[in-house]
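To start, the structure under review is shown below, and the notes come after it.
The values are calculated or read from the model by the stated rules, or taken from the named source; none is laboratory data. Just so it is clear, the structure is predicted and the values come from calculations on it, not from any experiment. Please note: Cβ atoms are built from the backbone with ideal geometry, for glycine as well, and neighbour counts cover all protein chains shown. Surface accessibility is based on the protein's heavy atoms, side chains included, excluding ligands, DNA and RNA. Shrake-Rupley method; radii C 1.70, N 1.55, O 1.52, S 1.80 Å.
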Amino acid sequence: MKKFLVLFGFISASLFSQQKTNTTNKNFALVIHGGAGTILKENMSPELEKQYTDKLNDALKAGYDTLSKGGTSVDAVVTAIKILEDSPLFNAGKGSVFTADGKNEMDAAIMDGKTLKAGAVAGVKTIKNPITAARCVMDKSQHVMMVGSGAEKFAKTCKCDTADAAYFFEQKRWDQLQKIKKTEKTELDHGSSIKASDVEFNDKKFGTVGVAALDQYGNIAAGTSTGGMTNKKYGRVGDAPIIGAGTYANNKTCAISCTGHGEFFIRATVAHDVSALMEYKGLSLEKAADEVVNKKLKEMGGEGGLIGIDAKGNITMPFNSAGMYRGYMKSDGKKEILIYK
Ligand code: ASP
């Protein structure tokens, strides 16, 4: 009897482990962006180009390692975004741009395509990695979005690291703000024909970061993190933390993270539009994303792009601006890091 039980235990254990391996799919992948905008080769030194490429590579590798070790797509998104948030090169976390009154107000969101759960924070000033606060809202609250000091208070329940204004201060970002402000002043002083909206968003190196991933279990997720736009009005919230605008994920269709002039992305509900074209019209990821970025958004005057992945591991990275920091890494060995058109 004892022998029979041991044998039974052995058979069921091996059946179970077989079942477990059957539910995993070795086809996993990750796609990232570090912002879209007027990124031209002639304005870039080889050293700076290398810095961007190296950092994108670090983020891609870290996210990929998470996936290859069996981590979920949500884990991979957070891991890769944290690396970009910690770099002053990108407009997120450490490298966040300044508001009109000289503050850093950051937005971030994450969405799990398997459960359709989502979490977002907006206007946070003291969270070192806003993507971790967004995940905290998704995992630990009954809400989707929290803002300002409430979001900061809630992030403490997840022990998210905090940082003060000095940590986020970057001279380059400060100078960008002064430059934009000077143009505004000229407008006031001389009544030039430059529209305030043109001036505010003149420095079109948006620099937001985003990641979309497919894990070994066939689940997709997307996340986005940003300091917003230089000289944005205090309290302004962009598209990044708005589910369906700058960030969206649904296993049935795609996982999307956007970058560009947020007001347009909100009005065009860009991320969800890509998903909707796939779900209701049966378009492929590539066709749907192209339709939204290069037709709808462009016709509205919205500059920027997006990255997307579907549950089969198809990847797309369209943009209608001069450049977009972007890259992907797939379990079939394919990998690319690109900046210009
Ligand atoms: N979409 C972001 C925002 O409007 C900016 C960016 O992508 O760089 O806040």
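Would you confirm whether or not the range 93-102 contains a residue that is among the aliphatic types (A, V, I, L, M) and more than 26 Å from residue 335 (Cα to Cα)?
yes
Looking only at the range 207-223, which residues are of a type outside the set (A, V, I, L, M, F, W, C) and crowded, with 24+ Cβ neighbours inside 10 Å?
207, 208, 210, 215, 223
Would you please name the residue that is nearest to residue 213 (Cα to Cα), looking only at residues in the range 231-272 that are polar (S, T, N, Q), open to solvent by less than 10 Å² (accessible area, probe 1.4 Å) and more than 17 Å from the chain's Cα centre (by Cα)?
Only one residue fits best here, namely 253.
Would you mind telling me which numbered condition in (1) within 15 Å of the ligand (Cβ to nearest atom); (2) assigned to a helix (DSSP H, G or I) residue 307 fails?
Going through the list (1) within 15 Å of the ligand (Cβ to nearest atom); (2) assigned to a helix (DSSP H, G or I), residue 307 breaks only (2).
If I ask for residues that are of a type in the set (Ser, Thr, Tyr) and either crowded, with 24+ Cβ neighbours inside 10 Å or within 14 Å of the ligand (Cβ to nearest atom) (or both), which ones from the range 86-97 would you list?
Scanning the range 86-97 gives a single hit, 96.
Residue by residue through the range 266-281, note down the ones that are within 13 Å of the ligand (Cβ to nearest atom) and closer than 20 Å to residue 315 by Cα.
270, 271
Does the range 229-241 hold any residues that are at pLDDT 95 or above and more than 10 Å from the ligand (Cβ to nearest atom), and which are they?
235
For residue 142, are the conditions met, namely being modelled with pLDDT under 95 and open to solvent by 50 Å² or more (accessible area, probe 1.4 Å)?
no
Considering every residue within the range 98-109, establish whether at least one is touching an Asp or Glu at 6+ places or on another chain (Cβ under 9 Å), open to solvent by 30 Å² or more (accessible area, probe 1.4 Å) and under 28 Å from residue 180 (Cβ atoms).
Within the range 98-109, not a single residue is touching an Asp or Glu at 6+ places or on another chain (Cβ under 9 Å), open to solvent by 30 Å² or more (accessible area, probe 1.4 Å) and under 28 Å from residue 180 (Cβ atoms).
Under 7 Å by Cβ, and 6 or more places apart or on different chains, what pairs join a residue from the range 158-178 that is within 17 Å of residue 134 (Cβ to Cβ) with one that is open to solvent by 80 Å² or more (accessible area, probe 1.4 Å)?
Final answer for the pair search is 158/140.
Pairs, please: C-beta under 6 Å, at least 6 apart or cross-chain, first residue more than 16 Å from residue 131 (Cα to Cα) and in the range 55-74, second assigned to a helix (DSSP H, G or I) and modelled with pLDDT of 95 or more?
Matching pairs, first to second residue: 58/83; 66/75; 66/76; 66/79; 67/76.
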